[in-house]
1. If you average 1/r across every pair of different Cα atoms in the range 34-164 and take the reciprocal, what Kirkwood value do you get, in Å?
2. Test of the criteria: in the range 142-193, which trypsin sites (Lys or Arg not before Pro) are in a DSSP loop and have at most 14 other Cβ atoms within 10 angstrom of their Cβ?
3. Return the whole-Å distance between the Cα centroid of the range 164-186 and the Cα centroid of the range 70-129.
4. Please report the net charge: other residues with Cβ closer than 9 Å to the Cβ of residue 181, K and R +1, D and E -1.
5. Two decimals is fine: what is log10 I(q)/I(0) at q = 0.17, 0.28, 0.29, 0.31 Å⁻¹ for the range 144-195, from a Debye sum with one equal scatterer on every Cα and no solvent?
6. Calculate, in nm to one decimal, what residue 46 and residue 123 gain on full extension: separation in residues at 0.36 nm each, minus their alpha carbon distance.
7. A 21 angstrom limit on the alpha carbon distance is what I want to check against. Which of 53/114; 46/114; 46/117; 19/114; 129/153; 53/129 exceed it?
8. How high is the FRET efficiency between residue 182 and residue 63 when r is their beta carbon distance and R₀ equals 22 Å, given to the nearest 0.05?
Amino acid sequence: DEISQKLIDFGKESLEVYKDYEYNMTELETVWGTNGTFQKGSRELKSAMDDMKNAAAEWASTNIFHTNDISNAMVEAAHAGWDYQQMLEGVPAAMSMAQAGGMDLSTAMNYVLKAQKSFGWEFDDITDKMDEWIYAANKSAGTTSEFGDTFLKLGSTVRFAENTEELLALTKVMHDMGTTGSAAGTMIKTSLMRLYAPSGKASKVLEQLGVSAQEIEDLGIMEDQGLIEALDTLEAHGFSAFDSV
């Protein structure tokens, strides 16, 4: 009886997962058919959906994620504006990050979506950028997800850094010195904004970033000793993360 009940429970769980997968794929088709990626009901949309289903099955067979997890990530990416080709290149990058960072795929997908938009990465570069992110996190006292929280906090401010590598280096140093996640993002963000737009220019830049002057005042720009020490450590190793600003 106990074995029979386990089989029944397994069957119910499998059915629910399949239903969720089908729902996700239907939503993906709806999003693509209404946001201009494909014409609704077109042969091209049907072909793309067949490809996505095949890709989900193939990816699920080579990693720890179920087709339901992958289809959900596809829906999140479609809502963010990713098209067919971007999906094929971006979703595997999110899966690699999720496995390397020990996180669920939805969380990793959110990091990838936000980072790609904030950094302005080309889709051809996403896999390499994710590899750099994972490598830097693994070499630090932080985690892949903590680095993600740092970048989420930074938002569009990351455009003021000279390049991704030096920003990752600064993030690594901050984590090594005990300031992690969103706290590290806050410190780096405030320093970038003050370096880029001191005094008179600040209000215009803050307006462009959607950040209020009151928020910056509350943060305490460039007064944290940990950030100053982190910048000094980078300089000692030949890095100057913000030369371009």
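Values quoted throughout were computed directly from the atomic coordinates according to the rules given, and no laboratory measurement underlies them. Predicted model only: the values in this text are computed from it and were never measured. Note: ideal-geometry Cβ built from the backbone for every residue, glycine included; neighbour counts use all protein chains shown.
1. Final number for the Kirkwood radius of the range 34-164 is 15.4 Å.
2. none
3. 21 Å
4. Charge balance near residue 181 sits at -1.
5. -0.41, -1.15, -1.23, -1.38
6. 25.4 nm
7. Cα-Cα > 21 Å for 53/114; 46/114; 46/117; 19/114; 53/129; rest within.
8. 0.20
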